[in-house]
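Asker: After the structure tokens below, expect a handful of questions from me.
The values are calculated or read from the model by the stated rules, or taken from the named source; none is laboratory data. Just so it is clear, the structure is predicted and the values come from calculations on it, not from any experiment. Backbone-built Cβ (ideal geometry, glycine too); neighbour counts: all protein chains shown. SASA here: full protein model, heavy atoms, side chains in, ligands and nucleic acids out. Shrake-Rupley method; radii C 1.70, N 1.55, O 1.52, S 1.80 Å.
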Amino acid sequence: MAARVQFEQFFTPSLASELAARPDLLKGRSLEVTLLFCDIRGFSRISERLGPGGTVEWISNVMEVLSDCVLAHQGVLVDYIGDELIAMWGAPKEEPQHAQLACRAPRSTCSTASP
């Protein structure tokens, strides 16, 4: 149960349950995957306008929306670096449609979050 709760921070609930039941999926192996590197265009200009408090609140909201889009399309949240989100499809569980799912995530209606 604790492992599943920890996995749910980065994976969809169904994948988290599967990983808790099958930890062998986390072992290193060769798979074809699709990665998404997404950062905010004009972040410095926007953050200067919003100030520190406004920037923290806004970036938190943006990353939440982006993360939800990734998870809604069966992606895995890999990392957050400043104003960048890194996501992956096709691992740790193989997914034949990984490229299509990755392309749909940023194009979906959930990817609109303006300052």
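Asker: Can you tell me the 0 to 90 degree angle between the C-alpha axis of helix 43-72 and the longest principal axis of the chain, rounded to 10?
Answerer: Tilt relative to the chain: about 20 degrees.
Asker: In degrees, nearest 10, range 0 to 90: what is the angle between the Cα axis of helix 98-107 and the longest Cα principal axis of the chain?
Answerer: In the chain, helix 98-107 runs at an angle near 20 degrees to the longest axis.
Asker: Note down the accessible area of residue 68, probe 1.4 Å, to the nearest 10 Å².
Answerer: Answer for residue 68: close to 80 Å² accessible.
Asker: Just how much of residue 73 is accessible, in Å², when a 1.4 Å probe is used and the result is rounded to the nearest 10?
Answerer: 30
Asker: Follow-up question, since we're still on this one. Can you tell me the length gained on complete extension of the stretch residue 24 to residue 68, counting 0.36 nm per residue apart and subtracting the Cα distance?
Answerer: That pair, residue 24 and residue 68, stretches by 13.2 nm at full extension.
Asker: Using 7 Å Cα-to-Cβ label points, what is the residue 60/residue 37 separation (nm, one decimal)?
Answerer: 2.8
Asker: Still on this structure, please answer the following. Carbon and sulfur: what percent of the chain's accessible surface (1.4 Å probe)?
Answerer: Carbon plus sulfur share of accessible area: 54 percent.
Asker: To continue, here is another question. In the full protein assembly as shown, how much of residue 40 is accessible to a 1.4 Å probe, in Å² to the nearest 10?
Answerer: Approximately 30 Å² for this residue.
Asker: Roughly speaking, what is the stretch gain from residue 49 to residue 107, that is 0.36 nm per residue apart minus the C-alpha to C-alpha distance, in nm to one decimal?
Answerer: 18.2 nm
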